[in-house]
Amino acid sequence: MFEIKMPKLGESVEQATITKWFIKVGDTVEEDDNLLEIATDKVDSEIPSPVEGKVHKILFKENDLVPVGEVIAIINTGDEVSEETESDSQSAEEPEAKEHEKTVSNDSDININSSSTRFYSPLVKSIAKQENISQQELDSIEGTGKDGRVRKDDLLGFISRRGDKKTSSAHQVTNEPKSAPKEQKVNVSVSAGDEIIEMDRMRKLIAEHMVMSKQVSPHVTNMVEADVTALVKWREMMKETYQKKYKTKLTFMPLFTEAAARALRDFPMVNSSVNGDKIIVKGSVNIGIAVAKPDGNLIVPVIREADKLNIPGLASAINNLAEAARTNKLSPDDIQNGTFSITNFGTFRNVMGTPIISQPQVAILATGTIEKKPAVVETEHGDIIVPRHKMFLSLSYDHRIIDGALGGAFLRRVADYLEQFDANREV
């Protein structure tokens, strides 16, 4: 018998939801056949079978929230069934009760004993202990998970609204001040002819994260217009050669990313995070690139050590991650540990925008569409009006640690790198 366990999907992920089983008891599976689809707060993944055999037992149902490392299925590989495995199989007939029983058995270690049959995951109870949340407070929290289950974000939101000044070193996500307003629910009337669309799981997560970011960080946005004529002409001249040499498209995003990475090295405070009253300046420049998926949702895969990559390296990384995002093939590690983000409004012919910071980062750059405009150019014979390629750059930043001088200087440096692009460089 072989036990299939819930895999660890990233450094900070402690549990995952089973969204779909591709198998049923009695099915024969081959090695690498997809067994199930799971979802976390960050990414969806399909889990393949590491062995071949016959499905002996499925221990959890679809939509169950399962801790990392928990046995979720048993595959009969032809070996004899051990007494321990048989015992596990029999006790797994009621997975919800089994999971609850296991959690309650650990309550004495973390001083959380629910006064009802309400289930709390090990992660939620651990945070509750560290933040000194009483049982009465925990039971009062309105959960957004399945059957009203309290999720990590529900508990962190409660902690923020409560104004608890004590921060958790292991689970610090939000630094919302005590005076921050509580989340307000707006009642919307429905009229004849209106269409009601239920948010999917990803859209709900995006909504929660965006609201949290605005509550946590006081956003300020600066804008600058850059003359990128040299960059545009270089790309136009090199894109066919580049395609033949590297077998991938040369878009503007690698050029924008290179400029941002260089500026982050010049202004390391923009490449940081806030943890309570401490500033953590990141040692690596890991840039997230926002990608719109076919279902309309957004995901931000991360290019690690972006400041150490050349244009071909950045182009390959961006194109590969974008394709993986659109085909739902990103791994959990592909979206972890970003230190700065870029979103390209120009993809949709938008001139500029004011993006929301992706927590726990402190800044995000938006690139607008490139347009040909008349511009005044100084020459030795006087000013002349000529056509130039122009674009707007906008930077939203966390005003807790980035003031207008730093934000403006950083954004101007990005524009300078783009304007001073070497039109004679080789690919």
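The values are calculated or read from the model by the stated rules, or taken from the named source; none is laboratory data. Because the structure is a prediction, the values reported are computed rather than measured. Reconstructed Cβ throughout: ideal geometry from the backbone, glycine too, with neighbour counts over all protein chains shown.
Okay, residues lined up against (1) modelled with pLDDT under 90; (2) buried (at least 17 other Cβ atoms within 10 Å of the Cβ):
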residue	(1), (2)
22	no, no
25	no, no
31	yes, no
42	yes, yes
57	no, yes
60	no, yes
66	yes, yes
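Before we move on, is residue 279 surrounded by fewer than 15 Cβ atoms within 10 Å (Cβ to Cβ) and under 18 Å from residue 398 (Cβ atoms)? Break it down into steps so the answer makes sense when it comes.
Working: surrounded by fewer than 15 Cβ atoms within 10 Å (Cβ to Cβ): yes; under 18 Å from residue 398 (Cβ atoms): yes.
Yes; evaluated as a whole, the condition is true for this residue.
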So, in the range 20-63, how many residues would count as being in a loop (DSSP other than H, G, I, E, B), farther than 19 Å from residue 3 by Cβ and of a type in the set (Asp, Glu)? 2
Out of the range 374-411, which residues are within 40 Å of the chain's Cα centre (by Cα) and among the hydrophobic types (A, V, I, L, M, F, W, C)? 375, 391, 392, 393, 395, 401, 402, 405, 406, 409, 410, 411
How many residues of the range 363-403 are surrounded by fewer than 23 Cβ atoms within 10 Å (Cβ to Cβ), among the polar types (S, T, N, Q) and under 30 Å from residue 217 (Cα atoms)? The answer is 2
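Among the candidates 252, 256, single out the residue that is more than 20 Å from residue 357 (Cα to Cα), modelled with pLDDT of 95 or more, under 24 Å from the mean Cα position of the chain (by Cα) and surrounded by 17 or more Cβ atoms within 10 Å (Cβ to Cβ).
On the way: 256 fails: more than 20 Å from residue 357 (Cα to Cα).
From the options 252, 256, the qualifying one is 252.
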Please state which of the following conditions residue 357 fails to meet, knowing it meets all the rest: (1) touching a Ser or Thr at 6+ places or on another chain (Cβ under 6 Å); (2) assigned to a strand (DSSP E or B); (3) aliphatic (A, V, I, L, M). (2)
Taking the range 305-333, which residues are of a type in the set (Asp, Glu), under 17 Å from the mean Cα position of the chain (by Cα) and modelled with pLDDT of 90 or more? 323
Please verify whether the range 320-337 includes one or more residues that are part of a strand (DSSP E or B) and surrounded by 17 or more Cβ atoms within 10 Å (Cβ to Cβ). no
With the first residue restricted to the range 186-203 and required to be closer than 17 Å to residue 298 by Cα and touching a residue at least 60 places away in the same chain (Cβ under 8 Å), and the second required to be part of a loop (DSSP other than H, G, I, E, B) and of a type in the set (Asp, Glu), Cβ contacts under 9 Å at 6 or more apart or on different chains are 200/295; 202/295; 203/295
Collect the residues in the range 236-256 that are touching a helix residue (DSSP H, G or I) at 6+ places or on another chain (Cβ under 7 Å) and assigned to a helix (DSSP H, G or I), keeping them in residue-number order. 246, 253, 254, 255
Limited to the range 269-308, what total is found for residues that are part of a strand (DSSP E or B), in contact with a strand residue (DSSP E or B) (Cβ under 7 Å, 6 or more places away or on another chain) and of a type in the set (S, T, N, Q)? 2
